[in-house]
Each structure stands twice: as C-alpha cells, then as structure tokens.
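Undergrad: Submitted below is the structure of interest, expressed as structure tokens.
Please treat every number below as a calculation from the coordinates, not as lab data. Just so you know, these numbers come straight off a predicted model, no measurement behind them. Positions of Cβ are backbone-derived with ideal geometry, glycine not excepted, and every protein chain shown enters the neighbour counts.
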Amino acid sequence: MKLLKIILCIIVFAIAGYSLWTDEFGTIPILLLFLGLTTLVSGITEYQEKHKLNAYLSFLSAGFCIFVCVYIFFS
C-alpha cells in the first residue's frame, strides 16, 4: 500500500507540475482522478490502522474528487 501511495503521489505531482509549467489545464480531470485515488489509498491505510474518522473523511474527499472528475469528463 505504501508503494502504491508513493507512486500515485509522484503521478499527481508530475501532472500538476506539467499543468502549471505548460499552462495547459486540460489535464485537471486526470489530476483529480489520481488525487482521488491517492486519497482513497490513504483512507484504506487509515482504516486498517483503526483511525476510522480520518478514514471516513478520506473516503468522502476521494469520492468528491472522483465525482468531480467524472462530471468534468462527461460535460
């Protein structure tokens, strides 16, 4: 899980850096998708460590990020 979290964080930083460097904001939905996946993995690890409130908040924010990503893709 830790390796997956690190890989997803690197992907998020790479996409965000690319978007800021090139002023291309068409990559924002992809950034939101990977940000949601990163937060989802973080929520799973928090849930396994018995930090339920942090896990539920992570699940809520991951769901919101993924919802916004899907909404942007289909609009």
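Undergrad: Just subtract the alpha-carbon distance of Y47 and L20 from 0.36 nm times their residue separation and send over the number in nm, one decimal.
TA: So the extension gain works out to 6.4 nm.
Undergrad: A further question on this structure: More than 18 Å apart: what percent of Cα pairs in the chain qualify?
TA: On the way: 1252 of 2775 pairs.
Summing the P(r) tail past 18 Å for the chain gives 45 percent.
Undergrad: At 222 nm, what value in deg cm²/dmol follows for the chain if DSSP H runs of at least 4 each add -39500 (n - 2.57) and the sum is divided by all its residues, to the nearest 500?
TA: Mean residue ellipticity at 222 nm (helix-derived): -29500 deg cm²/dmol.
Undergrad: Same structure again: So how tilted is helix 52-73 from the main axis of the chain? Cα-based, degrees 0 to 90, rounded to 10.
TA: 20 degrees
Undergrad: Multiplying the sequence separation of Y71 and I7 by 0.36 nm and subtracting their Cα-Cα distance, what value in nm do you get?
TA: 20.5 nm is the gain from fully extending Y71 to I7.
Undergrad: About its Cα centre, how strong a charge dipole does the chain have in debye, to the nearest 20, once Lys and Arg get +1 and Asp and Glu get -1 at the Cβ?
TA: Its charge dipole is roughly 320 debye.
Undergrad: Under a point spin-label approximation (7 Å from Cα along Cα-to-Cβ), what is the I30-L60 distance to one decimal in nm?
TA: 3.1 nm
Undergrad: Using alpha-carbon pairs under 8 Å, 6+ residues apart, how would you state the relative contact order of the chain in percent?
TA: 31 percent
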